[in-house]
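Input: a single structure, listed below in C-alpha cells.
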Amino acid sequence: MTHSGVGIARAFVGCASAPRKRITVLFLLFSFGVFTIAIFGSSGSNLLRENQMEEHIAQIQSHLQFLDSLYRARQEDLIALQSKILAGRSNNTPHQQMTSPFFEAYATLITPELMVMLKNLTGTKAAMGMQPKNLQLLRTPFVFQLLPHLMNDPFSLRPSYHMKSGRVFVDVVIGIPTVKRDKESYLMITLTHLINGLKKDELNSTLIVVFIGETDLEYVLSTARQIEIMFPQHVDSGLIEVLAPSASYYPDFNILQKTLGDSLKRVKWRTKQNLDAIYLMSYAQTKGTFYLMLEDDVIARKHYMQDIKQFTAATSVSTPNWFFLEFCQVGGIGKLFRSSDLIHFITYVQLFYKNMPIDWLLESYLADRVCTIDKTSKVCGKNKIQIRPKYKTSLFQHIGLYSSLKGKIQKVKDNPYGAVPTYYPHTNPPVQSLRTSIQEQSDHTLRRAYDGQTYFWGVKPKKGDMVEFWFEKPTLIESYTFRSGNVDHVSDKFYNTVVEVMPSKTNNFTVVGAFDEFGLADGEIKKEIGPIVAMRLRINSDSFYWVILSEIELKTREDSR
C-alpha cells in the first residue's frame with residue numbers, strides 16, 4: 001500500500017474510533033468513494049499523482065474539521081436545552097416566557113423615513129431582510145464575560161438587519177466589513193472584482209457576506225438595496241448576504257482608555273474595527289470550510305479563488321498545522337483561516353480588542369502560539385512563518401484612498417479608477433473679507449479655495465498665524481469641515497491648530513474645535529452660540545511643512561437662510 005493509502009486507512013480508523021462522529025465517517029466514505037471512482041473508474045493510465053491524492057485527503061480533513069466544529073456547536077445547544085428542562089422540572093413555578101417579543105423592541109427603531117423606504121421596496125430581498133422573525137442570535141464563547149456591555153440588552157447579539165442567502169456548507173466564505181466612509185465608497189468596486197474573479201462552479205461554492213458596521217438602518221437598507229440592484233442575479237442565487245449588528249452590540253466608545261499612544265479617535269476606530277471583525281467571523285464560522293478575511297476597498301486578481309484553493313490544498317499537505325494563509329501582505333486583507341480555527345482567534349480578540357488593531361492582534365496571536373521568551377526574535381519570526389505560509393504574490397490590491405477612519409488619507413499608487421481629486425469644492429455663505437497671515441502660494445489663494453476653485457496652499461505656518469473668514473452679516477453656522485493636506489501632499493496639514501468663532505453678541509473669539517492628527521477639523525456649532533460674524537483657524541506652533549486647505553465647508557442653519 002502506498003504512503004497515501006496508509007494515510008486514508010488511518011483516517012478511517014481515527015474517525016471510526018469515535019462513535020459520535022458517524023456523520024463525518026459517512027462523509028469521508030462518500031468523498032473517498034467519489035474520489036476513487038474518479039481515479040480508477042476509467043483506466044489505470046489515468047491515475048493521479050500521489051501528491052494530488054494527498055491534497056485531496058487534506059481537503060477532506062479540512063471539511064471534517066469544519067463539520068466537527070458544527071457538531072460541537074450543536075452539542076452546546078443540546079446541553080443548554082437540557083439545563084433548561086432540568087431547571088424547569090426542579091422549579092414548582094412555571095417557566096416565565098419573555099412578554100416583550102423582539103419585534104416590539106425592534107419596532108422602536110423604525111423611523112417614518114425608514115417606513116417609507118420599506119413601503120417603496122415591498123417585495124424586494126432587501127426589504128425582507130428587515131423581518132425580525134428571520135433573525136438569529138449570534139453565538140460566541142464567553143461573550144458576556146469578555147464583553148459585559150452586551151448584558152445591557154437581551155438582543156445585543158441579534159442582527160438588526162439580515163438579507164439572507166440560505167447558503168450553508170460552502171467551500172469559502174468571504175467576509176467584507178464596510179462602514180460609511182468619509183468621502184467615497186469602494187464596496188461596489190470590490191464586489192464587482194470578487195464576483196468577476198469566480199468561475200462558474202466557484203460561484204456556487206462561495207458565500208460573500210457583507211457586514212455593514214453601522215447602526216443607521218436607513219443607511220444599511222439603502223446599501224443592501226444598492227447591492228441588490230447592482231448584483232440581482234447573485235443576490236437571488238445566494239452568493240451575497242448582507243448583515244448589520246444591533247446598536248447595543250457596541251460599547252460606549254467615549255469611555256475607552258487610550259493605549260499605544262494613540263488619540264481617542266484612533267482608539268475608538270480600531271476598537272470598533274475589532275468588534276466588527278469578530279462579529280463577522282462568528283457568523284461566518286458555521287457557513288463554510290474556510291474563511292477569507294478582506295476589506296471593502298480591494299480589487300482581486302483574475303482566477304484568485306482557483307489560486308487560493310490550489311495553494312491551500314498543497315500547503316495543507318506540506319504544512320498541515322498552518323493557522324492562516326496569507327494572500328496579501330497589507331493589514332488584515334487576504335488572510336484565509338480554517339473556519340474550525342476561528343473560535344480560538346475570536347476569543348483572543350475578545351480579550352484584547354481594546355488594546356491594539358486587528359492586524360497587530362494577528363501577529364500577537366501567532367507569537368503567543370510559537371514564540372517563547374527564551375528564543376530570539378529571528379527564531380520567533382521563523383516559527384511564525386511556519387504557521388502563516390505566504391502565497392508567492394499578492395492576489396488582492398488595496399485601492400482605498402480614504403480610510404474608514406475619518407480624515408485619514410491612505411495614498412495608493414497606480415489607482416486604476418482615475419485621478420484622485422486634490423480638493424473638494426463647496427458653496428459657502430457670503431463673506432465680507434478673507435484674511436491670512438500665511439504667505440499664499442501662486443494661484444492657490446484663500447479666496448479661490450473658499451470659492452471652490454482650488455485648494456489653499458501656504459508657506460510654513462508659524463505660531464500665531466491666522467486664517468480668518470468674516471461674513472457679510474451675522475450667520476447661523478450649523479457645522480463646519482476644514483480638511484488639510486491632499487493626496488499629493490499628505491504632510492501639508494494644519495498641526496496644533498484650533499477653530500474659533502466670534503458670536504455677534506461679543507467681540508471675542510471662542511474655541512469650538514481643533515484639527516486632529518489627520519489634519520481634519522469638523523464639528524457642529526451649538527445653537528446657544530447664535531449668529532457669528534467670523535470664524536478663524538489659529539496656529540499654536542511653528543510647522544516644518546507647508547500647509548494645504550483642501551476643503552472648506554460651512555453649512556448654515558435653515559432658519560438663517
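Here are the numbers:
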{"quantity": "Reciprocal of mean inverse Cα separation for the range 241-307 (Kirkwood radius, Å)", "calculated": "14.7"}
{"quantity": "Kirkwood Rh and Cα Rg combined as Rg/Rh, the range 493-561", "calculated": "1.00"}
{"quantity": "Residue 470 accessible area, 1.4 Å probe, all protein chains in place, Å² to nearest 10", "calculated": "50"}
{"quantity": "Where Rh is the Kirkwood radius over Cα pairs, Rg/Rh for the range 442-556", "calculated": "0.96"}
{"quantity": "Alpha-carbon spread of the range 414-506, three principal axes, descending order, Å", "calculated": "52, 29, 23"}
{"quantity": "Total formal charge among the other residues, if their Cβ is under 12 angstrom from that of residue 514, Lys/Arg +1 and Asp/Glu -1", "calculated": "-2"}
{"quantity": "Cα lying deepest toward the dipole's positive end in the range 436-535, options 508, 534, 457, charges on Cβ", "calculated": "508"}
{"quantity": "Residue-level accessible surface for residue 161, protein heavy atoms, 1.4 Å, Å²", "calculated": "0"}
{"quantity": "Viscosity 0.890 mPa s, 25 °C: Kirkwood-radius Stokes-Einstein D of the range 159-243 over Cα pairs, µm²/s", "calculated": "186"}
{"quantity": "Solvent exposure ordering (accessible area, 1.4 Å, most first) of 360, 269", "calculated": "360, 269"}
{"quantity": "Heavy-atom SASA rank of 382, 125 (probe 1.4 Å, accessible area, largest first)", "calculated": "382, 125"}
{"quantity": "Range of Cα positions in the range 245-401 per principal axis (Å), largest first", "calculated": "47, 42, 32"}
{"quantity": "Quarter of Cα convex hull surface for the range 155-297, i.e. mean projection, nm²", "calculated": "9.2"}
{"quantity": "Solvent exposure, largest accessible area first (probe 1.4 Å, DNA, RNA and ligands not counted), of 236, 465", "calculated": "236, 465"}
{"quantity": "Contact order normalised by residue count of the range 470-520, Cα under 8 Å, 6+ apart, percent", "calculated": "33"}
{"quantity": "Surface accessible to a 1.4 Å probe, residue 163 within the full protein complex, Å²", "calculated": "0"}
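The values are calculated or read from the model by the stated rules, or taken from the named source; none is laboratory data. In this text the structure is predicted, and so the values were computed from the model without any measurement. Quick reminder, even Gly has a Cβ in these numbers, built from the backbone with ideal geometry, and neighbours come from all protein chains shown. All accessible areas refer to the heavy atoms of the entire protein, side chains included, with ligands and DNA or RNA removed. Shrake-Rupley method; radii C 1.70, N 1.55, O 1.52, S 1.80 Å.
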